[in-house]
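No value in this document is a laboratory result; all are computed from the given coordinates. Treat the numbers as computed from the prediction; the structure is a model and nothing was measured. Here the Cβ positions follow ideal geometry from the backbone for every residue, glycine too, while neighbour counts run over all protein chains shown.
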Amino acid sequence: MNTKPSNSTKEIKRPNVFTRDNLDWIAWIEPVAEESLSERQRDSLVEPARAKSDYFRLLARDPDILEARTRTDKDIFYNTVDGLPRAERELAAAATSRFNGCIYCASVHARHAAVYSKKPADVDELLDKGISADLGERWNAIVKAATTLSQTPPVFGKTEIDALRAAGLDDDEIFDVIHAVSFFNWANRLMLSLGEPELQQK
């Protein structure tokens, strides 16, 4: 396997702060070339447009795991008939990514959280100040849940669940917080170990 990215000669301009800006992502291991994707690998992307992404074409080296990962992701964030509103699922992912230091994931989910909540200033406060940001009782409880679940070892427990309930979340909403945080606590580590974010060229 070639471990040298095809774009290795390109100067990488790394973001040094958390942001809602669109970012690119550079793989440290060569992704499968788009034109070389097998039918199984294309199916594993779930959405054809993901064939343009270095990240998903890299994960397509193991299509069974990629498909399971992507369908889990989509169910957690898009299946919002019941449970937590989409904005707060995205907030949970953004808070997890902010805590774990994943600038790329934080940018994606902070952007979604800002759009769906219509509270971009609060989302920016989270990006700027991290877990010390005061975002009101409900959002503070979600951020606290995210950070306690993401610690090694996790320290999430009754105190955090009680705080979520006190902030108005029911059991289904609490499950959704746990699912969003747990998924991104894993996803951040995967992305941080396989590449790095890059500022988009203007």
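Annotations for the structure displayed:
- Among the residues of the range 102-132, those identified as in contact with a helix residue (DSSP H, G or I) (Cβ under 8 Å, 6 or more places away or on another chain) and within 19 Å of Phe156 (Cα to Cα) are Gly130, Ile131.
- The helices (runs of 4 or more DSSP H) falling completely within the range 86-202 that include 3 or more residues that are touching a strand residue (DSSP E or B) at 6+ places or on another chain (Cβ under 7 Å) and crowded, with 20+ Cβ neighbours inside 10 Å map to 103-117.
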